[in-house]
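Scroll down for the structure; my scribbles are underneath it.
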Amino acid sequence: MPLPLEKTMAAARRVSRIYRVDRGKNFRLKHISPDDTGGLTKNHAEIQWRAKTFLDFANARLAALQEKLYAQKRWSVLIVLQAMDAAGKDGTIKHVMSGINPQGCEVTPFKVPSDTERAHTFLWRCALRVPEAGMIGIFNRSHYEEVLAPRIHPEFLKAQNLPPSLVTKKIWQERYQDINAFEKHLARNGVLILKFYLHLSKEEQKKRLLERINEKNKNWKFSESDVKERALWDQYMAAYEDAIRATAKPWAPWFVVPADNKWYTRAIVAVSIIDALESLKLKRPKNPKGHKKTLLDAQKSLAGET
(Lines give C-alpha, C1' and ligand atoms only; values in the text may rest on other atoms or scores of the structure.)
Protein backbone atom coordinates (compact mmCIF):
# COMPACT_ATOMS: atom_id res chain seq x y z
CA MET A 1 0.00 0.00 0.00
CA PRO A 2 1.37 3.46 -0.87
CA LEU A 3 2.02 5.78 2.05
CA PRO A 4 -0.55 8.54 2.68
CA LEU A 5 0.67 11.75 1.10
CA GLU A 6 1.43 13.49 4.41
CA LYS A 7 3.63 10.57 5.47
CA THR A 8 5.24 10.55 2.05
CA MET A 9 5.99 14.26 2.48
CA ALA A 10 7.64 13.62 5.85
CA ALA A 11 9.72 10.79 4.39
CA ALA A 12 10.68 12.93 1.39
CA ARG A 13 11.86 15.71 3.70
CA ARG A 14 14.21 13.31 5.45
CA VAL A 15 15.60 12.10 2.13
CA SER A 16 15.96 15.62 0.70
CA ARG A 17 18.16 16.69 3.62
CA ILE A 18 20.75 14.14 2.51
CA TYR A 19 21.44 16.35 -0.50
CA ARG A 20 21.75 19.58 1.48
CA VAL A 21 25.26 21.01 1.74
CA ASP A 22 25.68 23.95 4.12
CA ARG A 23 29.31 23.39 5.04
CA GLY A 24 31.40 22.61 2.01
CA LYS A 25 34.75 21.61 3.48
CA ASN A 26 34.22 17.86 3.12
CA PHE A 27 31.90 17.93 0.11
CA ARG A 28 32.74 15.88 -2.98
CA LEU A 29 30.52 15.45 -6.04
CA LYS A 30 31.43 11.76 -6.19
CA HIS A 31 29.64 11.21 -2.88
CA ILE A 32 26.26 11.76 -4.59
CA SER A 33 25.23 9.54 -7.47
CA PRO A 34 23.36 11.30 -10.30
CA ASP A 35 21.28 8.12 -10.62
CA ASP A 36 20.20 8.00 -6.98
CA THR A 37 16.47 7.69 -6.28
CA GLY A 38 16.52 7.34 -2.52
CA GLY A 39 16.03 3.59 -2.67
CA LEU A 40 12.94 3.76 -4.91
CA THR A 41 12.65 1.62 -8.04
CA LYS A 42 14.02 3.47 -11.05
CA ASN A 43 11.98 4.13 -14.20
CA HIS A 44 9.04 2.06 -12.97
CA ALA A 45 5.66 3.20 -14.31
CA GLU A 46 3.89 2.89 -10.96
CA ILE A 47 6.63 4.75 -9.11
CA GLN A 48 6.53 7.57 -11.66
CA TRP A 49 2.73 7.76 -11.35
CA ARG A 50 3.05 8.01 -7.57
CA ALA A 51 5.73 10.68 -8.01
CA LYS A 52 3.32 12.68 -10.20
CA THR A 53 0.58 12.36 -7.57
CA PHE A 54 3.01 13.46 -4.88
CA LEU A 55 4.22 16.41 -6.96
CA ASP A 56 0.62 17.59 -7.42
CA PHE A 57 0.25 17.44 -3.63
CA ALA A 58 3.51 19.32 -3.16
CA ASN A 59 2.45 21.98 -5.70
CA ALA A 60 -0.68 22.67 -3.63
CA ARG A 61 1.38 22.93 -0.44
CA LEU A 62 3.83 25.28 -2.13
CA ALA A 63 0.99 27.45 -3.48
CA ALA A 64 -0.44 27.85 0.04
CA LEU A 65 2.96 28.86 1.41
CA GLN A 66 3.53 31.31 -1.42
CA GLU A 67 0.21 32.99 -0.67
CA LYS A 68 1.34 33.60 2.93
CA LEU A 69 4.77 34.79 1.76
CA TYR A 70 3.13 37.27 -0.63
CA ALA A 71 0.60 38.49 1.95
CA GLN A 72 3.15 38.92 4.74
CA LYS A 73 5.71 40.74 2.55
CA ARG A 74 8.48 40.23 5.07
CA TRP A 75 10.63 37.51 3.51
CA SER A 76 11.58 36.89 -0.10
CA VAL A 77 12.93 33.68 -1.63
CA LEU A 78 15.79 33.36 -4.10
CA ILE A 79 16.06 29.99 -5.83
CA VAL A 80 19.26 29.44 -7.81
CA LEU A 81 19.37 26.67 -10.41
CA GLN A 82 22.71 25.56 -11.84
CA ALA A 83 23.48 22.52 -13.97
CA MET A 84 25.11 21.22 -17.09
CA ASP A 85 23.11 21.45 -20.31
CA ALA A 86 20.10 19.08 -20.55
CA ALA A 87 19.98 18.51 -16.78
CA GLY A 88 16.37 19.69 -16.61
CA LYS A 89 16.42 23.22 -15.20
CA ASP A 90 13.52 24.45 -17.34
CA GLY A 91 11.46 21.33 -16.67
CA THR A 92 12.09 21.62 -12.94
CA ILE A 93 10.83 25.21 -12.93
CA LYS A 94 7.79 24.24 -14.99
CA HIS A 95 6.74 21.24 -12.90
CA VAL A 96 7.72 22.38 -9.40
CA MET A 97 6.34 25.93 -9.67
CA SER A 98 3.24 25.13 -11.74
CA GLY A 99 0.79 25.69 -8.89
CA ILE A 100 1.94 29.08 -7.66
CA ASN A 101 0.51 32.50 -8.49
CA PRO A 102 2.59 34.01 -11.32
CA GLN A 103 2.16 37.47 -9.74
CA GLY A 104 4.37 36.35 -6.87
CA CYS A 105 7.15 34.71 -8.87
CA GLU A 106 9.71 35.92 -11.37
CA VAL A 107 12.08 33.71 -13.38
CA THR A 108 15.29 35.28 -14.69
CA PRO A 109 17.40 33.31 -17.19
CA PHE A 110 20.95 34.64 -17.26
CA LYS A 111 22.43 34.35 -20.73
CA VAL A 112 25.79 35.52 -22.08
CA PRO A 113 26.50 38.94 -20.49
CA SER A 114 25.70 41.98 -22.61
CA ASP A 115 28.21 44.80 -23.15
CA THR A 116 26.42 46.83 -20.47
CA GLU A 117 26.55 43.94 -18.01
CA ARG A 118 30.24 43.33 -18.70
CA ALA A 119 30.92 47.01 -17.98
CA HIS A 120 29.74 46.47 -14.39
CA THR A 121 30.92 44.14 -11.63
CA PHE A 122 30.13 40.46 -12.12
CA LEU A 123 27.42 40.54 -9.41
CA TRP A 124 25.66 43.64 -10.75
CA ARG A 125 23.15 42.05 -13.09
CA CYS A 126 22.09 39.46 -10.51
CA ALA A 127 21.75 42.05 -7.75
CA LEU A 128 19.25 43.89 -9.95
CA ARG A 129 17.01 40.81 -10.10
CA VAL A 130 16.97 39.85 -6.42
CA PRO A 131 13.29 39.39 -5.45
CA GLU A 132 11.56 42.01 -3.34
CA ALA A 133 9.79 41.14 -0.08
CA GLY A 134 6.90 38.76 -0.65
CA MET A 135 8.24 37.43 -3.95
CA ILE A 136 9.92 34.26 -5.15
CA GLY A 137 12.76 34.84 -7.61
CA ILE A 138 14.26 32.03 -9.66
CA PHE A 139 17.66 32.39 -11.28
CA ASN A 140 18.00 29.99 -14.22
CA ARG A 141 21.79 30.11 -14.14
CA SER A 142 23.14 32.89 -11.97
CA HIS A 143 26.15 34.73 -10.55
CA TYR A 144 27.80 31.30 -10.30
CA GLU A 145 28.35 31.35 -14.05
CA GLU A 146 31.16 33.82 -13.31
CA VAL A 147 33.19 31.17 -11.46
CA LEU A 148 32.46 28.47 -14.03
CA ALA A 149 32.62 29.46 -17.71
CA PRO A 150 35.34 32.15 -17.42
CA ARG A 151 37.48 29.73 -15.41
CA ILE A 152 37.31 27.19 -18.22
CA HIS A 153 37.33 29.72 -21.07
CA PRO A 154 39.98 32.38 -20.29
CA GLU A 155 38.75 34.46 -23.24
CA PHE A 156 35.48 35.07 -21.35
CA LEU A 157 37.41 36.53 -18.43
CA LYS A 158 39.53 38.62 -20.78
CA ALA A 159 36.34 40.07 -22.32
CA GLN A 160 35.43 41.52 -18.91
CA ASN A 161 38.31 43.99 -19.37
CA LEU A 162 39.46 43.88 -15.78
CA PRO A 163 42.68 45.69 -14.78
CA PRO A 164 45.50 43.16 -15.39
CA SER A 165 46.82 43.57 -11.85
CA LEU A 166 43.52 42.17 -10.51
CA VAL A 167 43.55 39.02 -12.63
CA THR A 168 45.73 36.76 -10.51
CA LYS A 169 45.72 33.11 -9.51
CA LYS A 170 43.56 34.14 -6.55
CA ILE A 171 40.71 35.50 -8.68
CA TRP A 172 38.39 32.52 -8.19
CA GLN A 173 38.91 32.45 -4.43
CA GLU A 174 38.28 36.19 -4.40
CA ARG A 175 35.07 35.73 -6.35
CA TYR A 176 33.91 33.02 -3.93
CA GLN A 177 34.52 35.52 -1.13
CA ASP A 178 32.50 38.17 -3.00
CA ILE A 179 29.64 35.72 -3.54
CA ASN A 180 29.62 34.72 0.11
CA ALA A 181 29.52 38.36 1.18
CA PHE A 182 26.73 39.11 -1.32
CA GLU A 183 24.62 36.17 -0.17
CA LYS A 184 25.25 36.95 3.50
CA HIS A 185 24.03 40.50 2.86
CA LEU A 186 20.85 39.15 1.23
CA ALA A 187 20.23 36.67 4.05
CA ARG A 188 20.64 39.42 6.65
CA ASN A 189 17.97 41.40 4.83
CA GLY A 190 15.29 38.73 4.70
CA VAL A 191 16.14 36.83 1.52
CA LEU A 192 15.87 33.05 1.92
CA ILE A 193 18.50 31.59 -0.44
CA LEU A 194 18.18 28.06 -1.81
CA LYS A 195 20.76 26.92 -4.38
CA PHE A 196 20.23 23.77 -6.43
CA TYR A 197 22.82 21.98 -8.51
CA LEU A 198 21.08 19.38 -10.70
CA HIS A 199 23.68 16.62 -10.74
CA LEU A 200 23.47 14.93 -14.15
CA SER A 201 25.71 12.08 -15.31
CA LYS A 202 27.66 12.36 -18.55
CA GLU A 203 25.90 9.24 -19.84
CA GLU A 204 22.42 10.66 -19.20
CA GLN A 205 23.38 13.95 -20.81
CA LYS A 206 24.44 12.09 -23.96
CA LYS A 207 21.07 10.33 -24.04
CA ARG A 208 19.16 13.59 -23.70
CA LEU A 209 21.24 15.41 -26.30
CA LEU A 210 20.63 12.59 -28.76
CA GLU A 211 16.89 12.89 -28.07
CA ARG A 212 17.11 16.58 -28.97
CA ILE A 213 18.77 15.65 -32.24
CA ASN A 214 16.61 12.64 -33.17
CA GLU A 215 13.15 13.84 -32.07
CA LYS A 216 11.79 16.61 -34.29
CA ASN A 217 9.73 18.22 -31.56
CA LYS A 218 12.90 18.61 -29.48
CA ASN A 219 15.20 19.91 -32.23
CA TRP A 220 14.68 23.50 -31.09
CA LYS A 221 16.32 22.66 -27.76
CA PHE A 222 19.58 21.56 -29.36
CA SER A 223 22.56 23.87 -29.45
CA GLU A 224 25.89 22.99 -31.03
CA SER A 225 27.61 24.57 -28.04
CA ASP A 226 26.14 21.87 -25.78
CA VAL A 227 28.32 19.26 -27.48
CA LYS A 228 31.39 21.50 -27.45
CA GLU A 229 31.02 22.18 -23.72
CA ARG A 230 30.48 18.47 -23.08
CA ALA A 231 34.07 17.87 -24.20
CA LEU A 232 35.12 19.91 -21.14
CA TRP A 233 33.05 17.83 -18.73
CA ASP A 234 35.81 17.06 -16.22
CA GLN A 235 36.82 20.70 -16.02
CA TYR A 236 33.23 21.74 -15.37
CA MET A 237 32.83 19.10 -12.68
CA ALA A 238 35.95 20.39 -10.93
CA ALA A 239 34.70 23.98 -11.20
CA TYR A 240 31.27 23.08 -9.81
CA GLU A 241 32.76 21.10 -6.95
CA ASP A 242 35.10 23.95 -6.00
CA ALA A 243 32.27 26.49 -6.17
CA ILE A 244 29.94 24.40 -4.00
CA ARG A 245 32.70 23.66 -1.46
CA ALA A 246 33.56 27.36 -1.18
CA THR A 247 30.02 28.82 -1.05
CA ALA A 248 27.88 26.27 0.81
CA LYS A 249 26.83 28.10 3.96
CA PRO A 250 24.05 27.64 6.53
CA TRP A 251 22.44 30.90 5.29
CA ALA A 252 22.85 29.94 1.61
CA PRO A 253 22.90 26.13 1.31
CA TRP A 254 23.40 24.09 -1.81
CA PHE A 255 21.23 21.10 -2.64
CA VAL A 256 23.09 18.69 -4.90
CA VAL A 257 20.13 16.85 -6.42
CA PRO A 258 20.49 13.66 -8.49
CA ALA A 259 19.21 14.56 -11.97
CA ASP A 260 19.26 11.36 -14.04
CA ASN A 261 15.61 10.64 -13.13
CA LYS A 262 13.46 13.72 -13.71
CA TRP A 263 10.57 12.62 -11.50
CA TYR A 264 12.92 12.23 -8.56
CA THR A 265 14.73 15.53 -9.21
CA ARG A 266 11.47 17.47 -9.25
CA ALA A 267 10.17 15.83 -6.09
CA ILE A 268 13.37 16.57 -4.16
CA VAL A 269 13.51 20.20 -5.31
CA ALA A 270 9.84 20.73 -4.41
CA VAL A 271 10.21 19.21 -0.94
CA SER A 272 13.40 21.16 -0.24
CA ILE A 273 11.64 24.45 -1.06
CA ILE A 274 8.59 23.54 1.04
CA ASP A 275 10.78 22.50 3.96
CA ALA A 276 12.63 25.82 3.88
CA LEU A 277 9.47 27.93 3.52
CA GLU A 278 7.77 26.14 6.41
CA SER A 279 10.79 26.90 8.60
CA LEU A 280 9.92 30.62 8.22
CA LYS A 281 6.59 30.05 10.02
CA LEU A 282 4.80 32.33 7.58
CA LYS A 283 1.44 33.81 8.59
CA ARG A 284 -1.10 36.01 6.91
CA PRO A 285 -0.99 39.53 8.38
CA LYS A 286 -3.41 40.29 11.20
CA ASN A 287 -6.27 42.65 10.50
CA PRO A 288 -5.55 46.17 11.80
CA LYS A 289 -7.60 47.60 14.65
CA GLY A 290 -11.04 48.61 13.46
CA HIS A 291 -10.83 46.49 10.30
CA LYS A 292 -13.58 44.14 11.47
CA LYS A 293 -16.01 47.07 11.62
CA THR A 294 -14.92 48.11 8.13
CA LEU A 295 -15.69 44.62 6.87
CA LEU A 296 -19.12 44.55 8.55
CA ASP A 297 -20.01 47.99 7.17
CA ALA A 298 -18.98 46.86 3.67
CA GLN A 299 -21.02 43.69 4.07
CA LYS A 300 -24.11 45.69 5.06
CA SER A 301 -23.60 48.06 2.16
CA LEU A 302 -23.36 45.22 -0.35
CA ALA A 303 -26.33 43.39 1.17
CA GLY A 304 -28.44 46.52 0.89
CA GLU A 305 -27.85 46.97 -2.84
CA THR A 306 -30.89 46.53 -5.06
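When His185, His120 are compared by accessible area at a 1.4 angstrom probe, the order from most to least is His185, His120. Based on the alpha-carbon gyration tensor of the range 171-306 and its eigenvalue square roots a ≥ b ≥ c, which shape applies: rounded if a/c is under 1.5, prolate if not and a/b is larger than b/c, or oblate? Because a/c hits 1.5 or more and a/b fails to exceed b/c, the range 171-306 counts as oblate.
In this structure, the amide hydrogen of Leu192, modeled 1.01 Å from its nitrogen in the peptide plane, lies closer than 5 angstrom to those of Ser76, Val77, Leu78, counting only residues at least 5 positions away or on a different chain. Note on Asp234: accessible area approximately 120 square angstrom, rounded to 10, probe 1.4 Å, nucleic acids and ligands left out. Approximating the spin labels as points 7 Å out from Cα along Cα→Cβ, the Lys281-to-Asp35 distance works out to 4.5 nm. When the surface is traced with a 1.4 Å probe over the full set of protein chains, Thr294 keeps roughly 80 Å² accessible.
Under a Gaussian network description of the chain, with springs only between Cα atoms under 10 Å, the residue in Gly190, Gly38, Gly290 that fluctuates furthest is Gly290. Sorted on the mean count of surrounding Cβ atoms within 10 Å across their residues, most packed first, peptides 105-115, 242-252 read 242-252, 105-115. If R0 is taken as 22 Å, the Cβ-Cβ distance between Arg188 and Asn101 corresponds to a FRET efficiency of 0.20.
For the listed peptides 256-262, 157-163, 213-219, a ranking on the average number of other beta carbons within 10 Å per residue, highest first, reads 256-262, 157-163, 213-219. Within the accessible surface of the range 133-270, defined with a 1.4 Å probe on protein heavy atoms only, the carbon and sulfur portion equals 53 percent. Counted as membrane-span-like here are DSSP H helices of the chain whose alpha-carbon atoms extend 15 Å or more along the helix's own axis and whose Kyte-Doolittle mean is -0.5 or above; these are 5-16, 45-72, 262-278.
Here the sum of -39500 (n - 2.57) over DSSP H runs of 4 or more residues, divided by the residues of the chain, equals -15000 deg cm²/dmol at 222 nm, to the nearest 500. Solvent-accessible surface (1.4 Å probe) assigned to Glu132 amounts to roughly 130 Å². Taking amide H positions as modeled 1.01 Å from N, with prolines and chain starts lacking one, the residues under 5 Å from Val107 and 5 or more places away or on another chain are Ile138. Among rounded, prolate and oblate, which fits the range 19-120 when a ≥ b ≥ c are the square roots of the eigenvalues of its C-alpha gyration tensor, a/c under 1.5 means rounded, and a/b larger than b/c means prolate? In terms of gyration-tensor shape, oblate.
State whether the chain is rounded, prolate or oblate according to the following rule on the C-alpha gyration tensor (a ≥ b ≥ c being the square roots of its eigenvalues): a/c under 1.5 gives rounded; otherwise a/b larger than b/c gives prolate, and the remaining case gives oblate. Taking the square roots of the gyration eigenvalues as a ≥ b ≥ c, the chain is oblate.
Could you work out the relative contact order of the range 146-251, using alpha carbon pairs under 8 angstrom and six or more residues apart, expressed as a whole percent? Rounded, it is 39 percent for the range 146-251.
Take the chain with all the other protein chains still there, run a 1.4 Å probe, and you get 56 Å² of accessible area per residue.
The values are calculated or read from the model by the stated rules, or taken from the named source; none is laboratory data. Because the structure is a prediction, the values reported are computed rather than measured. Don't worry about glycine lacking a Cβ; one is built from the backbone with ideal geometry, like all the others, and counts go over all protein chains shown. Accessible surface areas use protein heavy atoms only, side chains included; no ligands, DNA or RNA. Shrake-Rupley method; radii C 1.70, N 1.55, O 1.52, S 1.80 Å.
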